[in-house]
Structure formats: C-alpha cells, structure tokens
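Down below is the structure, laid out as structure tokens.
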Amino acid sequence: MTNHLGYEKNEKSDNSNYRNGYSTKTFKTKYGEIEVNIPRDRNSTFEPKIVKAPS
C-alpha cells in the first residue's frame, strides 16, 4: 500500500487517496483455507496481486 499511495503509514500527505482499513478474503489451497487481510484505499484503486512462492 505504501508504494501504491506514495507515502508511509501515519505520514502526512496531500494525496486525497488514503488508507481505508482492510477486507478479509479466504483462499482455498491444497493445505486448507487461508484467511488474508487485504488493505483498502479510499478510491478503491489498490489491486492486490498473488505471487507464486519460489520452489
């Protein structure tokens, strides 16, 4: 989220888009269900990416 918004958490900014909490997502994997907190921004422009772990 820091890279997306361009400033650190709790840092003052003139940016009109700011952090707006989290939403919870549940992923089903071969190891079971995993619950992940996905950060939100005020303008809903943050798109999380799933990155495959190296083997």
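Read-outs throughout are calculated quantities, based only on the coordinates presented, and are distinct from any laboratory measurement. As the structure is a computational prediction, the values presented were derived from the model and not from experiment. Note that we place each Cβ from the backbone using ideal geometry, even for glycine, and neighbour counts take in every protein chain shown.
Some observations on this one:
- Expressed as a fraction of 2.2 N^0.38 Å, the value expected for a compact globular protein of N residues, the C-alpha radius of gyration of the range 2-41 is 1.58.
- DSSP-loop trypsin sites (Lys or Arg not before Pro) across the chain, with at most 13 other Cβ within 10 angstrom: K9, K12, K30, K49, K52
- FRET efficiency for Y7 and E35, using Cβ-Cβ distance with R0 set to 25 Å, rounded to 0.05: 0.35
- Residue order, fewest to most surrounding Cβ atoms within 10 angstrom, among F46, F27: F27, F46
- Taken over the chain, lysine pairs spaced eight or more positions apart, or on distinct chains, with alpha carbons under 27 Å apart number 10.
- Order of T2, T24 under a 10 Å beta carbon neighbour criterion, fewest first: T24, T2
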